[in-house]
Structures are given as C-alpha cells and as structure tokens.
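Trainee: My questions all concern the structure below.
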Amino acid sequence: MNSRNSISFSWLTGIGLASLLVFMEPATAADDQFKHAERLYDTYCTQCHGVNRNGNGLNSAFMSVQPRDHSDAKGMGDIPNSEIIDVIKKGGLAANKSVLMPAWGGVFSDEEVSQLAAYLRHVCKCGSDQ
Ligand code: HEC
C-alpha cells in the first residue's frame, strides 16, 4: 500500500468510527437496570425463545410445544410474577407447563432469577406487581 492509500484508509476508518459513535444510543438508566438479565437471556434463552424474544428461537422449529412469546403483552400479562419466577427456577413442570422449558435454579442465583423476571416484564411491556 503506498502512503497516499494508507492516509485515505485511516481517514475512512476514522469516519467509520465517528459514525458508529453517532449511532450508538446513550445508555439509559433502564438499559443499565436490565443489562445483566439481558445478557443472561441472550446466552441461555434465545435458542428457544428467539433473539427477538417472540418464541421463534432456532430450536422452536423442532419442538412439540412452542416456547412462550415473551413479547406478547397479553399472554405474558396473564402470568403472575410468582409463576414466572417458579418456571425459571424449576422449569415448565412447576406450573404444569411443558418439560421442554428447562429449570435454571442451579444456574442462576435468586437475585438473577428476579432480574430475569423483571426483564421479561420490560420485554412484554406488561403487568409488574401481580
Ligand atoms: C430448550 C428450550 C427453552 C429454553 C432454553 C428456555 N425456554 Fe422458556 N419455555 C420453553 C417452552 C417450550 C415454553 C412453553 C411451555 C408451555 O407453554 O408449556 C417456555 C415457557 C417459558 C415461560 C412461560 C411460562 C408460563 O408459565 O407460561 C417463561 C417465563 C420462560 N419460558 C422463561 C425462560 C427463560 C427466562 C429462559 C432462559 C433462562 C428460558 N425460558 C429458556 C422452552 C425454553
């Protein structure tokens, strides 16, 4: 690469970085509050519940019971917090739901389960204190 090219290359890189910064939204308090739960969800839940949180994860095509659509305000709003927490900890069977929803009690602390439950309320934009 001659020197002229490398100068324009670094200019382009600079412009690329600058526009990235422009398009990055500033973190809000709400983002911070759910950051950890969101990371847990991305790691452990999306393969079934989907990156869009709508139940369309990679596994869902092969499952006899479809994962819950966590973006569905009506469906999620009907589930009390206590059931959400129970199901995350002990699996679907704890609420007479499918065994295909695994138990995560051995993976997450109680604090993390509560954070996930609160995060799910944030995702569905539905009920919070049932
Ligand atoms: C292996 C696939 C799979 C994974 C991974 C998974 N789920 Fe599920 N989940 C399901 C299925 C299937 C259902 C629907 C069960 C039913 O309706 O009988 C479900 C249902 C649920 C429900 C609704 C329970 C109810 O009472 O209707 C919640 C809440 C939930 N999952 C949370 C999570 C969270 C949080 C994670 C990640 C920590 C997770 N799931 C990971 C398969 C999965």
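Just so it is clear, none of the values below were taken in a lab; they were calculated from the coordinates. In this text, all values refer to a predicted model and were calculated from it rather than measured experimentally. So basically every Cβ, Gly included, is an ideal-geometry build from the backbone, and we count neighbours across all protein chains shown.
Trainee: Once you sort the root eigenvalues of the Cα gyration tensor of the stretch 29-124 as a ≥ b ≥ c, which label holds: rounded (a/c under 1.5), prolate (a/b larger than b/c) or oblate (the other case)?
Mentor: Values: a/c = 1.39, a/b = 1.21, b/c = 1.15.
Rounded, because the longest to shortest axis ratio a/c is under 1.5.
Trainee: Can I ask one more? Find out how many positive minus negative residues lie around Ser71, taking Lys and Arg as positive, Asp and Glu as negative, among other residues whose Cβ is under 13 Å from that of Ser71. Walk me through the intermediate numbers first.
Mentor: Numbers: positive: Arg53, Arg68, Lys74, Arg121, Lys125; negative: Asp69, Asp72.
After counting each charged neighbour, the total is +3.
Trainee: What net charge do the residues around Asp110 carry, taking every other residue with its C-beta under 13 Å from that of Asp110, with Lys and Arg at +1 and Asp and Glu at -1? The partial results should precede the final answer.
Mentor: On the way: positive: Lys89, Lys90; negative: Asp86, Glu111, Glu112.
Around Asp110, the surrounding residues sum to -1.
Trainee: Follow-up question, since we're still on this one. Using a cut-off of 17 Å between alpha-carbon atoms, which aspartates and glutamates can reach Lys97, once sequence neighbours fewer than 8 places away in the same chain are excluded?
Mentor: In chain and number order, the partners are Asp69, Asp78, Glu83, Asp86.
Trainee: With r defined as the distance between the Cβ atoms of Lys74 and Lys35 and R0 fixed at 30 Å, what FRET efficiency is calculated, to the nearest 0.05? The partial results should precede the final answer.
Mentor: Working: r = 27 Å, r/R0 = 0.90.
After rounding, the FRET efficiency stands at 0.65.
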